[in-house]
Each structure stands twice: as structure tokens, then as C-alpha cells.
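For reference, the structure discussed in these notes is given below.
The values are calculated or read from the model by the stated rules, or taken from the named source; none is laboratory data. A quick note: this is a predicted structure, and the numbers were derived from the prediction, not measured. So basically every Cβ, Gly included, is an ideal-geometry build from the backbone, and we count neighbours across all protein chains shown.
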Amino acid sequence: MPEPAAAVPGRRQFLAGLAAAGVAASAGGLLAACSGPVGAAPSHAAARPRRGGTLTVGLTGGSPADSIDPGKGVTYLDFSRDNALYDPLVLLNAAAQLEYKLAEQITPYRGSLSEWVIRLRPGITFHSGKDLTAADVIWTFRRILAGALAGHVALGPADPAGLKALDPRTVLVPMTRPFGSFVDQLAAFFVFLYIIPDGFDPAREPPDGTGPFVYQSFSPGQRSVFTRNPSYWKTGLPYADTLEVIDFPDTVSLADALITGVIQAAGTLDGPQMAQLANTPGVTAFPSQTGGIIPFTMRVDKPPFRDVRVRQAMRLLTDRPQLIASALDGHGTVASDVFSPYDPGFDRSLHRFQDIGQAKFLLSQAGQENLTVTLTTSVITTGTVAMATVLAEQARAAGVTIRLQNVPAGTFFGPGYLQWDFSQDYYPYSPYLAQVAYSMLPTSPFNETHTSDPAYTSLYRQANAAASPALRTEILHQMQHYDFTQGGYIIPAYVDSLDAYSDTIGGYTAARVDEPLSNFDYAHFYFK
């Protein structure tokens, strides 16, 4: 995600099976945070993938400010490139489950949630030929912490001075306080935690990762070209010889490029393009039901949203099914202003329905019967402007006037980002505590609502210190009740991820996390 105005340069996020080696029982539900009730859809794969060819994919949302520094990604285009070049320790895979990558296991040290041990896989090399070692993890962590990069959220209370290599493949990570969600946080924020070589400076050197593709060229806001890594640690992958990632200015030109064969895969589409592509020969429109959110964000520290009655009124005037049908062309699932629906600690008893009468009553109580507010929106992801337009229409029934300020993406993510009084943002799915760390604490890099409640922050720390899954769930429910009754988000839907593919390729799969193109898993894409 984009760069906060004052400090943190990036944002965005991601777990195969809780039985993955090394997940300690003492970490309980926090390590299971993304096991959802529904499995991933089957991959569109043939029995014999063909090796070779140039895989060309398209996305929207890039700009001349795009970065190829793995610690400073700000857009889907950035994360797309980084995921081709680098690997994280762990991630949330397309099924929203924990998957170990460079790490073989991550466990509490001697049962303590205040110290963690990371054990690396053997035999992994960087593109330069250097072996992956504990020193690389320590270098990466210290760079992130020292530079206040967005990845510092996942490292939480890690003590950079205390990081220690126990042997060439093992890292001790001491914490200044219990951090039971450490593995969840690493997985959810993997796009900020790609491991780079010890001593490597992305600002001065070409990319050097452990990922499936090797850097060839990068033109910000236009195109990136990478070639197959012949020494990739996952035997037989990737299938394609070359990967090209093209930036498109809008979803119309993106869809046209897929139809005409310029690209073989398109992500970040909108509903109208999906409808068009669903009836296009040689193309498969491929929506994925996800836990991703596009929240409307209300600053709780400034009027009129400082008054909780106004915030609740705005939520009550929202007709969620109608918004999904109109703004998202049906590509979404009703949500009730609480995030992280796949987390085992998610409180499924919280439901909110439109109630215009109660919304008017609360506005009257707050002295805001004829409330007028400005909503800043932008084409930053699927459906944002359409959602803003529909909400403005719905608000009229409660006597609220919402004036839309539609700005370019570069402006939206410029100095005003995180400062708008009433705006929008987008997040792929994260486990609950990871999302809280992302956006709901005074220390969060993306606290658009400016939430700063000591009691809520205390609950977050209590949850990280809880060894009992039952106690942890109880605390999470308290936090979600706060989100539901006092928070600054309007979350009307869990939004589908809208991708489409040429029938000439396979290897893609549904992605519940809400990262485009199977979580940018280009290593598995192949030509039929």
C-alpha cells in the first residue's frame, strides 16, 4: 500500500496448513489465524504443464513512483514484481493458510512468547549465487526496523540489538514483550518482509533475491521484465522462461489487452469488465471470494466523526446488499464493519443492517441533522469510486450529503494519504491481530482513522500474551465489539478478487487473501 505522509514507506501483506513443520502448540490459535471454513478452489491446471514461453500479465494502479525496493512496495504492481524476485520466510497462500517459504519452522524459544527461533531451509541461494544464511535474515530485519519500513509492524517488539545467529541456519529473535502473533504477522505482512542478502542495498544494487525470477529490467509505471531463475529452490519451477508485468492506466485497456492477446493474465479488474470477459471466447473470467476489505475510513479525532453517534449513523444508513449489487456488480459478501472473517477468533454474532430511522435519531442527538461531509475517493482498486458513489446516494435517505472528491491515485497516496477526514482504503485479508497492528493502533503505519484508545491497545497486548486459545478468543471478541460499536471503519463488504486469464495458460487458483493473480504466484503459471 502507499506511503504514509510521515514515515513509513509501504504497505501490503500473507499461510499451507497449520500442520506445517515447527508451528508450536503454545502459539495456539494465533498461528492458525487464517484457517477458514472453505478451502481454495481447485487450480486450473493441466496434467502436464509445458515449460517455456514469455508470460505477460497486466495490472492497474502503478505510477512513475513505483519502487523495486522489496521493503518499500506501495502498489499491487510493486508487490507483483517483488513476489517474482524475492521470497519471504512465511506467507498466507491463496487458500489463506500458513505456508512456510524460506523458513523451515518458526517456534517460541523454550516455550516463551517473548523469544522466537527461525530455522531456515537448507540449500537456498540468492540470484547472485550467495547461500541464504541467518545473517541475511538479521540484516533484513535490522534494515526494516532501523528504516521504519512498513515491515516493522510484523516484527512488533523485536529487539534489533538482540538478534542472534545460533548457527548458520538459525536466528534467535528476542522480543521486549510477549508477541504470540509473530508468525501470523510475518505471514500477513510478507510483502514487506522479503529476505535480502547480508549487506545488500536495494537503492544502489540491482535486485538480488531467492525468488523464481531474476531481474532484467524495470520501467516505473510501464513495464518490468524478469527471466527464469535456473537455481530456484522449488524444483521444476517456474515454468515460464520470461515474465513481463505491464502497468495499465485503467481496467478497460487492461481487459482489451487480454482479449487481443497482448497479455495472458489480468488482475484488479472491475465488474463490467468481468461481465464482458465472461462472454469472450478464449478467456476465463475468474472471481475469487476473499476476506479483503475496502473500508470507508472516518477520522475519529476530528469532527464530525469524533462523535461516535455520527460514526454509527453512517454505518446504519449503509444498505450493504444494495451497495454490493450496484457498486461491485455482486462481487462481494456482506460485512458488518468488522475485519478478518477467516480468523478462528472472528465473532460471527456481529451483524449490522440498514436502519435509516436510527441513523436519523443518532444524527439528531449529535446535532448533525443536515450533515454534509466530503468523501475523498480514487481509482485505487476494484470498485472504490463506484462504492463511494452508491454510499452518497444511500446517505440522502438519512439527510446526509456526501460530496465526492475523486482524485488521481498519485494524489490519493500523496501527502494527504492518511490525513483525509473521510476516505477509503483497501486491504487484503489478514488475521485479526495482524490487521489491528496494520491500521488500528497509535503505532500502526496505516491508521487512517487515527484510532488511539489505550484500552484497545491494552487488549491487543493481552491477546499477544495469552497462551490459552480460549482466553485469546475472548479478548479478540472484546476488541471486535469495540470495532463494531466505536470503530472508524465502515466495512460494507468482503470484496471479491477479480482476475481473468487467457485459455492458453493454466496454473492459477482462487485466492482468498485478495491479492491479484493467485497471490502473484507466477511460478506456477504455464502455457498449455
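From T485, T443, which residue is assigned by TED's automatic domain parsing to the domain that holds L323, surrounded by fewer than 24 Cβ atoms within 10 Å (Cβ to Cβ), of a type in the set (S, T, Y) and part of a loop (DSSP other than H, G, I, E, B)?
Numbers: T485 fails: part of a loop (DSSP other than H, G, I, E, B).
Result of the check over T485, T443: T443.
Which residues, counting only those in region 174-202, are of a type in the set (A, V, I, L, M, F, W, C), under 24 Å from the mean Cα position of the chain (by Cα) and either surrounded by fewer than 16 Cβ atoms within 10 Å (Cβ to Cβ) or not in a loop (DSSP other than H, G, I, E, B) (or both)? Before you say what the answer is, go through the steps one by one.
Here is the first cut: in region 174-202, the ones of a type in the set (A, V, I, L, M, F, W, C) are 175, 179, 182-183, 186-193, 195-196, 200.
Then keep just the ones that are under 24 Å from the mean Cα position of the chain (by Cα); that gives 179, 182-183, 186-193, 195-196.
Within region 174-202, F182, V183, L186, A187, A188, F190, V191, F192 meet the criteria.
I need the full set of residues from region 57-78 which are under 21 Å from I263 (Cβ atoms) and of a type in the set (A, V, I, L, M), in order please.
V57, L59, I68, L77
Residues of region 147-176 being farther than 17 Å from A465 by Cα and among the aliphatic types (A, V, I, L, M), which ones?
A148, L149, A150, A161, L163, A165, L166, V171, L172
Restricting to region 67-99, what's the tally of residues that are in a strand (DSSP E or B) and surrounded by fewer than 24 Cβ atoms within 10 Å (Cβ to Cβ)?
First pass over region 67-99, keeping only residues in a strand (DSSP E or B): 90-92, 98-99.
Add one more test, that the residue is surrounded by fewer than 24 Cβ atoms within 10 Å (Cβ to Cβ), and what stays is 99.
Number satisfying all stated conditions: 1.
Cβ-Cβ below 6 Å, separation at least six or inter-chain, first residue in region 216-240 and within 15 Å of Y526 (Cβ to Cβ), second part of a strand (DSSP E or B): which pairs?
P238/R228; Y239/Y526; A240/L55
Counting only residues that are surrounded by fewer than 21 Cβ atoms within 10 Å (Cβ to Cβ) and not in a helix (DSSP H, G or I), which one in region 133-149 is modelled with the highest pLDDT? Spell out how you get there, then give the answer.
Pass one, region 133-149, residues surrounded by fewer than 21 Cβ atoms within 10 Å (Cβ to Cβ): 133, 135, 138-139, 142-143, 145-148.
From what is left, the residues that are not in a helix (DSSP H, G or I) are 133, 147-148.
On the way: T133: 98, G147: 85, A148: 75.
Of everything passing the filter in region 133-149, T133 is modelled with the highest pLDDT.
Output the residue which, of all residues in region 365-386 that are assigned to a helix (DSSP H, G or I) and in contact with a strand residue (DSSP E or B) (Cβ under 7 Å, 6 or more places away or on another chain), is surrounded by the most Cβ atoms within 10 Å (Cβ to Cβ). Lay out the reasoning, then the answer.
Initially, region 365-386 is screened for residues assigned to a helix (DSSP H, G or I), giving 365, 384-386.
Cutting the leftovers down to in contact with a strand residue (DSSP E or B) (Cβ under 7 Å, 6 or more places away or on another chain) gives us 384-385.
Values: T384: 24, V385: 16.
Across region 365-386, the extreme among qualifying residues is T384.
Rundown of residues vs (1) more than 21 Å from Y432 (Cα to Cα); (2) under 20 Å from the mean Cα position of the chain (by Cα); (3) not in a loop (DSSP other than H, G, I, E, B); (4) not charged (D, E, K, R), yes/no style:
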| position | (1), (2), (3), (4) |
| --- | --- |
| L258 | yes, no, yes, yes |
| T268 | yes, yes, no, yes |
| R309 | yes, no, yes, no |
| P321 | yes, no, yes, yes |
| D343 | no, yes, no, no |
| R348 | no, no, no, no |
| G357 | yes, no, yes, yes |
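I need the full set of residues from region 378-426 which are over 26 Å from Q358 (Cβ atoms) and of a type in the set (V, I, T), in order please.
Listed by number, the residues that qualify are V379, I380, T381, T382, T384, V385, V407, T411.
Being small (G, A, S) and in a loop (DSSP other than H, G, I, E, B) is the requirement here; does S423 meet it? I'd like the intermediate steps shown before the answer.
Working: small (G, A, S): yes; in a loop (DSSP other than H, G, I, E, B): no.
No.
Give just the number: which of (1) assigned by TED's automatic domain parsing to the domain that holds L92; (2) in a loop (DSSP other than H, G, I, E, B); (3) aliphatic (A, V, I, L, M) does V338 not satisfy?
It fails just one condition, (1).
Taking only pairs six or more apart or across chains, which ones have beta-carbon atoms under 8 Å, a first residue in region 503-523 that is surrounded by fewer than 23 Cβ atoms within 10 Å (Cβ to Cβ), and a second residue that is among the β-branched types (V, I, T)?
D503/V283; D503/T284; D521/T509
Using the structure shown, decide if V310 is farther than 16 Å from I491 by Cβ, in contact with a helix residue (DSSP H, G or I) (Cβ under 8 Å, 6 or more places away or on another chain) and not basic (K, R).
Numbers: farther than 16 Å from I491 by Cβ: yes; in contact with a helix residue (DSSP H, G or I) (Cβ under 8 Å, 6 or more places away or on another chain): yes; not basic (K, R): yes.
Spelling it out, V310 is indeed farther than 16 Å from I491 by Cβ, in contact with a helix residue (DSSP H, G or I) (Cβ under 8 Å, 6 or more places away or on another chain) and not basic (K, R).
Just checking: which of the strands (runs of 3 or more DSSP E) contained wholly in region 207-253 hold 3 or more residues that are within 21 Å of G267 (Cα to Cα), of a type in the set (A, V, I, L, M, F, W, C) and modelled with pLDDT of 95 or more? Reasoning before the result, please.
Working: elements: 213-219, 223-228, 242-248.
Ranges flagged: 242-248.
Six or more apart or on different chains, Cβ atoms under 6 Å: show the pairs whose first residue is in region 488-501 and basic (K, R) and whose second is part of a strand (DSSP E or B).
none
Inspect all residues belonging to region 150-167 and state whether any of them is assigned to a loop (DSSP other than H, G, I, E, B), buried (at least 20 other Cβ atoms within 10 Å of the Cβ) and at positive phi.
Yes.
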